[in-house]
1. Which condition does residue 376 not pass, out of (1) modelled with pLDDT of 95 or more; (2) not in a loop (DSSP other than H, G, I, E, B), if it passes all the others?
2. Could you figure out which of (1) assigned by TED's automatic domain parsing to the domain that holds residue 40; (2) of a type in the set (D, E, K, R); (3) exposed (fewer than 15 other Cβ atoms within 10 Å of the Cβ); (4) in contact (Cβ under 8 Å) with a residue 24 or more places away in the chain isn't true of residue 92?
3. Quick check: anything in segment 400-421 assigned to a helix (DSSP H, G or I) and over 14 Å from residue 446 (Cα atoms)?
4. Tell me which residues, restricted to segment 300-311, are assigned to a loop (DSSP other than H, G, I, E, B) and on the phi < 0 side of the Ramachandran plot.
5. Is it true that residue 430 is in the same structural domain as residue 355 (by TED's automatic domain parsing) and in contact with a Ser or Thr (Cβ under 9 Å, 6 or more places away or on another chain)?
6. What pairs come up if the first residue lies in segment 250-263 and is under 15 Å from residue 417 (Cβ atoms), the second is in a loop (DSSP other than H, G, I, E, B), and their beta carbons are under 7 Å apart, counting only those six or more places apart or on different chains?
7. Quick one: is residue 378 touching a residue at least 12 places away in the same chain (Cβ under 8 Å), among the charged types (D, E, K, R), out of contact with any Pro (no Cβ under 8 Å at 6 or more places or on another chain) and surrounded by fewer than 17 Cβ atoms within 10 Å (Cβ to Cβ)?
Amino acid sequence: MDYLPIFYQIRQRNCLVAGGGAVAARKVSLLRKAGATVVVVSPRLCDELEQLKSAGKIQHRDREYTSGDLDDCVLVIAATDQRDVNEQISAEAKLRNLPVNVVDNPPLCSFIMPSIVDRSPVQIAVSTGGASPVLARLIRTRLEGLIPAAYGKLGALVDGFRDQVKAAFPNVEQRRHFWETVLEGTIAEQVFTGHDADARKMLESAIDQRSASPQLVGEVFLVGAGPGDPDLLTFRALRLMQKADVVVYDRLVSPAIMDLVRRDAEIVYVGKERDRHTMKQENINQLLVRLAKEGRRVLRLKGGDPFIFGRGGEEIETLAQEKVPFQIVPGITAASGCSSYAGIPLTHRDYAQSCVFVTGHLKDGSVDLNWKALAQPDQTVVFYMGLHGAPTLCKELVAHGLPAATPVALVEQGTTPQQRVITATLDTLLDVIADEDIKPPTLIIVGEVVTLHDKLKWVEEHHVDDVEGVFAYKN
């Protein structure tokens with residue numbers, strides 16, 4: 001370790017910033033967030049610092065730096081544009097054993113300003129020891145996405161109950177087990193979903209029970225896994241995938257996404273194919289209820305979005321009737337994800353001013369749709385699960401007014417490495433399906449926007465024969 005990572009208490013203590021430009025202003029902002037009394041020494045101030053001075057939020061010494069400026073300071077930052085001045089500040093601060101940071105000059109620093117993920121009171125500092133500030137920022141950005149803002153509220157809740165928990169659990173191991181249960185369970189989820197008052201009541205109840213394993217009810221996470229590419233998962237989906245005790249998943253959830261669920265979770269497959277169901281929907285509903293009532297955290301993982309042809313509504317109806325806690329995490333629906341990866345905008349001012357999502361078969365297996373409403377000009381129609389009903393949709397759309405030459409796209413296994421995009425028209429679609437041996441899952445997009453595919457397609461094989469190829473797609 002080149003540097004000792006520490007957190008320094010500077011609230012209401014004098015910190016000196018030498019320099020009055022934009023860089024100095026950024027450092028002043030960080031110091032003020034930590035509650036410091038900031039003294040800026042510089043003959044000129046940028047607009048941001050002038051505003052802080054006018055508001056009485058910083059002290060300003062309107063002159064060049066002198067060694068006396070270090071008196072009564074606990075921390076120093078040199079951010080002038082004069083190398084010799086920065087070197088002088090560094091040397092004099094080190095003689096006084098004052099922590100000093102010289103911006104963009106690690107050899108002159110006794111401490112490095114890290115990239116910060118701020119979820120106060122939770123804070124994460126990322127540093128490369130000055131070797132690559134850009135890399136530190138990239139890592140911080142990754143962490144920002146993985147750590148919900150609500151972790152700050154969770155930290156504040158825990159802080160407010162530390163003394164009570166210490167009194168209720170005098171044994172250190174009991175306290176550790178208690179807090180692990182709280183921070184990984186329903187109480188934390190109540191905070192993450194904005195139910196702070198409920199979380200407080202539950203925590204008070206758990207402490208009153210004086211139990212190292214408070215009895216917390218189970219919960220169901222109804223999560224949309226998107227169309228296949230794991231990069232399209234939401235941050236909340238990924239977090240809940242790592243928390244679940246049991247994972248109940250469908251056929252359309254890709255293997256790459258299943259690789260991201262908690263390793264030791266119980267896995268239950270309930271996938272459905274046409275005329276072949278691993279488990280009936282009614283049995284799935286009851287399975288979710290039973291697992292949750294056993295006190296388990298159940299991840300119900302569905303391809304796409306659970307509320308768009310995903311039967312999510314049926315499942316939560318049962319959960320609500322049984323008074324089982326649940327939360328819903330939307331996913332990118334297949335129409336949006338697959339069309340984007342195919343380079344087909346679902347709406348476009350020149351081609352389509354409306355878009356309709358329909359299912360290719362109903363509960364009884366029929367294809368009985370409002371064909372007059374679907375066969376409209378300047379409209380995009382996306383058929384989910386439409387391969388079996390393709391003969392009917394071609395026939396009815398043409399019969400109700402769409403030209404036989406209307407463009408159609410088939411997107412097979414969209415957003416995955418196996419994606420295929422094949423274009424046709426309403427009068428050639430059936431031949432294309434037979435000739436190309438199209439298999440589910442395939443989305444059918446009907447409308448003039450399909451003509452944009454050749455121009456806008458962007459998901460192509462990477463060619464890395466040379467350095468330039470690493471940074472470009474080749475069509």
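1. Checking residue 376 against (1) modelled with pLDDT of 95 or more; (2) not in a loop (DSSP other than H, G, I, E, B), the one that fails is (2).
2. In the conditions (1) assigned by TED's automatic domain parsing to the domain that holds residue 40; (2) of a type in the set (D, E, K, R); (3) exposed (fewer than 15 other Cβ atoms within 10 Å of the Cβ); (4) in contact (Cβ under 8 Å) with a residue 24 or more places away in the chain, residue 92 misses (3) alone.
3. No, the conditions are met nowhere in segment 400-421.
4. Across segment 300-311, the qualifying residues are 303, 305, 306, 307, 308, 310.
5. Judged against the criteria, residue 430 is not a match.
6. Cβ pairs passing all conditions: 254/228; 254/416; 257/225; 257/233.
7. Taking the combined requirement at face value, the residue satisfies it.
Condition check ((1) among the acidic types (Asp, Glu); (2) more than 24 Å from residue 249 (Cβ to Cβ); (3) surrounded by 20 or more Cβ atoms within 10 Å (Cβ to Cβ)) across all residues:
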position: 298; (1), (2), (3): no, no, yes
position: 306; (1), (2), (3): no, no, yes
position: 309; (1), (2), (3): no, no, no
position: 313; (1), (2), (3): no, no, no
position: 316; (1), (2), (3): no, no, yes
position: 321; (1), (2), (3): no, no, no
position: 329; (1), (2), (3): no, no, yes
position: 347; (1), (2), (3): no, yes, no
position: 355; (1), (2), (3): no, yes, no
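The values are calculated or read from the model by the stated rules, or taken from the named source; none is laboratory data. These figures come from a predicted structure and were not determined experimentally. Because the Cβ atoms are built from the backbone with ideal geometry, glycine has one as well, and the counts that use them run over all protein chains shown.
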